[in-house]
Amino acid sequence: TTRLSLRSFPVLPPPPPSGRLLARQLGAVARYEVEHMIERQQAAKLQAAQAGKYRGGRRAFGYESDGVTVRPGEAALVLDATQRVLHGESLGSIAREWTARGVPSSTWHPPLTPNPWTSIAVHKLLIRARNAGIIEHSGEQMAKARWPAIVPEETWQAVRLLLANPARRHARSKR
C-alpha cells in the first residue's frame, strides 16, 4: 500500500484573487449540496416514522438486524428487566447480572469480548419507545410501529415515568 503524506505534494504559491474567489464559490456550492442532501434525508426519515416503518441504524437489542423481527431471548430479558425495575430493583444490579451471565449487547461482534453492561446502558434500553412498538422521531412519539412490541405500552410508560423521576435515588459509583 502507498502512504501519502503532506510531503508528497508540492507547496504551491497562493492563488491570485480570482482563484480564491473560485475556490470559495466551489466550497459554497459543495456546502449547499451537503445541506440539501441532509434535508432530503431528514424528510425521508420523518415520512418513514409517520408511516411506522423501520428507518435503519444499529441493531436494537431485542430485535434482529432487520429491525422488525423479535429476538425472543433478548426480548425476554428486556421485559424481565422492565418488570424488575418497576418492582424496585436497581439498574445497576441488572447490569451486573447481565455482564456476569455474559449477555452481549446488540453492538457486540464475535470474536471480541462483549462490553460490560452499565446502569446507563440498561436505562437507555428500558426507556426506548421501540420496546412498546412506538416510533419516536426527534423525541416525539409519531406512530405505532410495524414491528411487534416486546413490552406492553402501559408497562413501558410506567418504567419510563419511574426512570424520569428526578426524586428517584441514584446510587453513587464506587470508583
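The values are calculated or read from the model by the stated rules, or taken from the named source; none is laboratory data. None of these values were measured; they are calculated from a predicted model. A quick note on method: Cβ atoms are made from the backbone with ideal geometry, for glycine too, and the neighbour counts reach across all protein chains shown. Just so you know, the surface numbers come from the protein's heavy atoms only, side chains and all, with ligands and any DNA or RNA stripped out. Shrake-Rupley method; radii C 1.70, N 1.55, O 1.52, S 1.80 Å.
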| note | Between the modelled labels at GLN141 and GLN42 (7 Å from Cα along Cα→Cβ) the distance in nm is 2.5
| query | Say the dipole of region 116-160 comes from +1 at the beta carbon of Lys and Arg and -1 at that of Asp and Glu; which of PRO152, MET142, THR118 then lies farthest toward its positive end? | reply | THR118
| task | Using only the Cα atoms of region 64-125, construct the convex hull and provide its projected area averaged over every direction, in square nanometres to one decimal. | result | 4.4
| said: For a Förster distance of 41 Å, can you work out the FRET efficiency between the beta-carbons of THR69 and VAL29, rounded to the nearest 0.05? | reply: 0.45
| nm² value of the averaged projected area, convex hull over the Cα atoms of region 13-172 | 15.1
| message | To the nearest 20 Debye, how big is the dipole of region 49-149 about its Cα centre, given +1 on the beta carbon of each Lys and Arg and -1 on that of each Asp and Glu? | response | 200
| task | Provide the solvent-accessible area of SER105, counting protein heavy atoms only and rolling a 1.4 Å probe, rounded to the nearest 10 Å². | result | 30
| query | If you rank TYR63, TYR54, TYR32 by how much accessible surface each has, with a 1.4 Å probe, what is the order from largest down? | reply | TYR32, TYR54, TYR63
| query | Can you give the charge dipole size of region 11-76 about its Cα centre, rounded to the nearest 20 debye, using +1 on the beta carbon of Lys and Arg and -1 on the beta carbon of Asp and Glu? | reply | 140
| Quick one: how many Å² of HIS137 are accessible to a 1.4 Å probe, rounded to 10? | 40
| field | Signed unit charges on C-beta, dipole axis of region 11-169, positive-most listed residue ASN165, LEU26, LEU91 | value | LEU26
| note | Quick calc: nm separation of the 7 Å Cα→Cβ label points for GLU154 and GLU97 -> 2.4
